[in-house]
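Here's the structure we're looking at; comments come further down.
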Amino acid sequence: MTAPAQPRSFPTPGDLARRKPTTPVPAATKTSRPQPDTRSKARAARRAAREAAAPYVPARLSAEESIAPGKLTRDEHFRKFWVFAVRRSSLPSSSRLIAHDLVWRAGHANGRISPNMRPDREYLALATGLTAAQVDVAVNTLTSRGWITHRPITTGPRTGGHQWVLTIPAAALEDVRAFITSRTNHGYAH
């Protein structure tokens with residue numbers, strides 16, 4: 001048996017939903033669509049100009065120029081281009097695996113690996129599941145093909161040591177530029 005409902009002194013959420021509004025709601029006025037800011041318009045204009053431009057033609061490079069470090073433009077992000085270049089390269093799978101591991105230890109804008117962050121071969125072997133010998137071969141392959149360079153440290157407590165710098169060989173960079181510009185969405189969707 002249920003007790004008769006007693007009036008409550010405080011409203012419940014159900015009571016609030018049934019209440020009539022105490023203030024009049026203004027009549028719907030004609031609202032204009034929000035206009036994009038000028039930055040979005042400029043970005044859209046640049047995108048339209050890129051899409052209307054002629055397709056990118058990779059530069060012809062000699063053998064020495066092919067493994068020399070490529071120069072990124074101001075609009076190109078190092079980490080994005082490194083990942084694309086490694087995926088599209090003809091590197092052995094163990095070298096690609098090491099390259100993908102190293103890029104996350106490097107600076108995202110310049111590819112430099114701090115001496116504090118440079119892993120030894122046993123740590124890379126543990127992180128990737130490769131043997132220490134496979135890591136050595138992979139690092140040597142990356143170095144000989146121009147993906148890793150060694151920069152001498154000239155200041156600070158580690159003077160005389162070497163810093164690893166990840167670089168994108170010029171030939172691989174040209175390939176990535178051609179690949180990205182050939183796609184309608186500029187390489188962002190997979």
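A few remarks follow.
- The range 134-153 residues that are closer than 19 Å to PRO115 by Cα, paired with ones that are polar (S, T, N, Q) and part of a strand (DSSP E or B) (beta carbon under 6 Å, 6 or more apart): ARG151/GLN163; ILE153/GLN163
- Residues in the range 143-190 that are in a loop (DSSP other than H, G, I, E, B), within 17 Å of VAL83 (Cβ to Cβ) and either at pLDDT below 85 or within 19 Å of the chain's Cα centre (by Cα) (or both): 10 in all.
- Note on the range 52-116: enclosed helices (runs of 4 or more DSSP H) holding 3 or more residues that are in contact with a Leu (Cβ under 9 Å, 6 or more places away or on another chain), modelled with pLDDT of 85 or more and of a type outside the set (Lys, Arg) are 78-88, 93-103.
Listed here are the residues, each with its yes/no results for (1) of a type in the set (A, V, I, L, M, F, W, C); (2) surrounded by fewer than 17 Cβ atoms within 10 Å (Cβ to Cβ); (3) over 25 Å from LEU173 (Cβ atoms).
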residue: GLY107; (1), (2), (3): no, yes, no
residue: SER114; (1), (2), (3): no, yes, no
residue: MET117; (1), (2), (3): yes, yes, no
residue: THR131; (1), (2), (3): no, yes, yes
residue: VAL135; (1), (2), (3): yes, no, yes
residue: ALA138; (1), (2), (3): yes, no, no
residue: THR143; (1), (2), (3): no, yes, no
residue: TRP147; (1), (2), (3): yes, no, no
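- Residue check, LEU124 in a loop (DSSP other than H, G, I, E, B), touching a helix residue (DSSP H, G or I) at 6+ places or on another chain (Cβ under 9 Å) and over 30 Å from ARG60 (Cα atoms): no
Here is a yes/no grid of residues against (1) among the acidic types (Asp, Glu); (2) out of contact with any Ser or Thr (no Cβ under 7 Å at 6 or more places or on another chain):
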{"site": "SER62", "(1), (2)": "no, yes"}
{"site": "LYS71", "(1), (2)": "no, yes"}
{"site": "HIS77", "(1), (2)": "no, yes"}
{"site": "VAL83", "(1), (2)": "no, yes"}
{"site": "ARG87", "(1), (2)": "no, yes"}
{"site": "LEU97", "(1), (2)": "no, no"}
{"site": "HIS100", "(1), (2)": "no, yes"}
{"site": "ALA106", "(1), (2)": "no, yes"}
{"site": "GLU122", "(1), (2)": "yes, yes"}
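- In the range 95-133, the residues that are polar (S, T, N, Q) and free of Cβ contacts under 8 Å to residues at least 12 places away in the same chain: ASN116, THR131
- Test result for LEU130, under 17 Å from the mean Cα position of the chain (by Cα), farther than 24 Å from VAL57 by Cβ and modelled with pLDDT of 90 or more: no
The values are calculated or read from the model by the stated rules, or taken from the named source; none is laboratory data. Keep in mind it's a predicted model, so treat the numbers as computed, not measured. For neighbour counting, all protein chains shown are included, and Cβ atoms are generated from backbone atoms with ideal geometry for every residue, glycine included.
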